[in-house]
Amino acid sequence: MLYHIVPQDDWKSQSNLRHYLGESLNTEGFIHLSQAHQLNSVLNRFYRAQSGLLLLHIDESRLIEELRFEDSYGEGQQYPHLYGPLNINAIVLIEFLVAEKNGCYHWPQPK
């Protein structure tokens, strides 16, 4: 399973399409994805204290476009990047994310 974090408003504007075009697809040429063990780091580094975030759960076996694992930031960690639009039928679950009072995220969130 792979994951993509998206602001709820961005998702709403594209959810009726057959493909999701993440903002980074236009600016960087790929859509940023994460593996489960990378999510807390990504959430707290780039999305700390932001509200209205969704987590798309993606079945990578259903992806149509090219998927590459790359260390784009020289961290020694391979992040999944999707080089093309995300086909909606690869999304198996959409989860609403809620930060704690201090703005931090802990995923998976307690139920």
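The values are calculated or read from the model by the stated rules, or taken from the named source; none is laboratory data. Given the structure is predicted, the values throughout are model-derived calculations rather than measurements. Here Cβ is always computed from backbone atoms with ideal geometry, including for glycine, and neighbour counts include all displayed protein chains.
What is the number of the single condition among (1) under 22 Å from W107 (Cβ atoms); (2) in contact with a helix residue (DSSP H, G or I) (Cβ under 9 Å, 6 or more places away or on another chain); (3) among the aliphatic types (A, V, I, L, M) that L17 does not meet?
(1)
Looking at Q38, is it in a loop (DSSP other than H, G, I, E, B), touching a residue at least 40 places away in the same chain (Cβ under 8 Å) and under 24 Å from P108 (Cβ atoms)? Spell out the reasoning first.
Values: in a loop (DSSP other than H, G, I, E, B): no; touching a residue at least 40 places away in the same chain (Cβ under 8 Å): yes; under 24 Å from P108 (Cβ atoms): yes.
Judged against the criteria, Q38 is not a match.
Counting just the residues of segment 44-62 that are of a type in the set (S, T, Y) and exposed (fewer than 15 other Cβ atoms within 10 Å of the Cβ), which one comes out modelled with the highest pLDDT?
S61
Identify all residues within segment 85-104 that are in a loop (DSSP other than H, G, I, E, B) and within 14 Å of the chain's Cα centre (by Cα); write none if there are none.
Selection gives P85 alone.
E65 fails exactly one of the following numbered conditions: (1) surrounded by 15 or more Cβ atoms within 10 Å (Cβ to Cβ); (2) within 13 Å of the chain's Cα centre (by Cα); (3) more than 22 Å from P108 (Cα to Cα). What is the number of that condition?
Evaluating E65 over (1) surrounded by 15 or more Cβ atoms within 10 Å (Cβ to Cβ); (2) within 13 Å of the chain's Cα centre (by Cα); (3) more than 22 Å from P108 (Cα to Cα) leaves (2) as the failure.
Condition first: in contact with a strand residue (DSSP E or B) (Cβ under 8 Å, 6 or more places away or on another chain), over 18 Å from L97 (Cα atoms) and either modelled with pLDDT under 90 or surrounded by 15 or more Cβ atoms within 10 Å (Cβ to Cβ) (or both). Now tell me which residues in segment 23-35 satisfy that.
L25, F30, I31
Which condition breaks for G76 when tested against (1) part of a loop (DSSP other than H, G, I, E, B); (2) modelled with pLDDT of 90 or more?
(2)
Looking at the structure I just gave you, is S41 at pLDDT below 95, surrounded by 11 or more Cβ atoms within 10 Å (Cβ to Cβ) and among the small types (G, A, S)?
yes
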